[in-house]
Amino acid sequence: MGVQLDLFGEPQVQAAAPIEVKVEEEPVELAPGPLPGQMDLFGDRWLRAAAAQKAIETFDLDVAAGALRETMRSYPSDAALRERAELVAKLAASQREARKKTKSPSRALAALAPEIPSFLEKAWHHRLAELMEEEHGPGAVIDAVPAGLHWLRAGEPTRAEDSLRRTLELDPSDCTARGVLAEALFAQDRQHESRLIYRDALAVSPRDVDLRSAEDISVRDLPGLAEEEYELPGDPVEWAAAIGLLEGVFIPPATVPEDWLAPENLEGHSPGVQFYRWLVAEKAAQDDTKRIACRRAMKALSPRLMKELLARKG
């Protein structure tokens, strides 16, 4: 027998080995079909389960619910199957309601987010990424969430990278997409590239970068260091770029714009982001006059962090 269908993400189970029948005198003809208690892998139940699985993968939940409902009529004592059938039926009803509220298939599917069970998460992310890009083109974004995030959550970091680079071509200022791109690169074992992307996103719009789910522990811990070790004021993530430089997690950019430190370009940025800019400038300063000016600016923003910086240099 073959391998049993993994319908709901449960570990696969090998079917029972064929039973060898020994006879003494006359051959005994075995009746066709499964032995008592054995699942008929190639019978009606398997076919209906396969149809349900295919429909679930494409999130055609009405079809999936119907296939599971029909299977339950033949196998009413299967508790696990019943639980899944009821869950999919409930989700299908929610999908129908969502479709009544919007003409956009991707938005209707996105509306199901709070109800998606863990065993359907990857399939949901995959289908949503597909629908977003079918409707709105490669690199599409819905409600500030890029399709690339869904490709990444679906376990496809390469497709996520391609999608996110397209998102950033359309909107280079999208730091949410930039942070997700860093995650997609890290998932491909490209840590150096990932950290460069994280650094640049945190230096522009840190609140748009979700570090809570970062797989790179050194990056994920930066806000915690800002809050607990350095006791810096404000939102800890706003200090992440500066702490990253101080701790050696990030390297400073090779070049910066000439007007990077102009008052009109610093205005509106948090103290943490301003400190990062002055710190980069201080590292690149060619003479003592510029270096001292940078240190004075940093001291005004955070005497605590400036003291730590000088201690490390000493």
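Every number in this text was worked out from the coordinates using simple rules, so none of it is lab data. Remember, it's a predicted structure, so these values are computed and weren't measured experimentally. Note: ideal-geometry Cβ built from the backbone for every residue, glycine included; neighbour counts use all protein chains shown.
Brief remarks on what is shown
- By the count of neighbouring beta-carbon atoms within 10 Å, fewest first, M298, M306, M132 end up ordered M306, M298, M132.
- For I142, residues with placed amide H under 5 Å, excluding near neighbours: A147
- Rounded to the nearest 20, the Cβ-based charge dipole of the range 221-314 about its Cα centre (Lys and Arg +1, Asp and Glu -1) stands at 520 debye.
- For the range 214-227, the Karplus equation 6.51 cos²θ - 1.76 cosθ + 1.60, evaluated at θ = phi - 60°, returns couplings of 5, 7, 6, 4, 4, 6, 4, 7, 4, x, x, 5, 4, 7 Hz by residue, with Gly and Pro reported as x.
- Per-residue HN-Hα couplings for the range 243-253 [Karplus 6.51, -1.76, 1.60; θ = phi - 60°; Hz; x = Gly/Pro]: 5, x, 5, 4, 8, x, 5, 10, 9, x, x
- Couplings 3J(HN,Hα) of the range 77-90, computed from phi: 8, 7, 5, 5, 5, 4, 4, 5, 4, 5, 5, 5, 5, 5 Hz, in residue order, whole Hz [Karplus 6.51 cos²θ - 1.76 cosθ + 1.60, θ = phi - 60°; x for Gly and Pro].
- Ranked by the mean number of other Cβ atoms within 10 Å of their residues, highest first, the peptides 70-77, 206-213 fall in the order 206-213, 70-77.
- Cα gyration tensor category, rounded, prolate or oblate, for the range 150-255 with a/c compared to 1.5: prolate
- Sequence of H136, H126 once ranked by neighbouring C-beta atoms within 10 Å, starting from the fewest: H136, H126
- Loop-resident sites, the range 243-314, for GluC sites (Glu not before Pro), counting at most 11 other Cβ within 10 Å (DSSP): E258, E267
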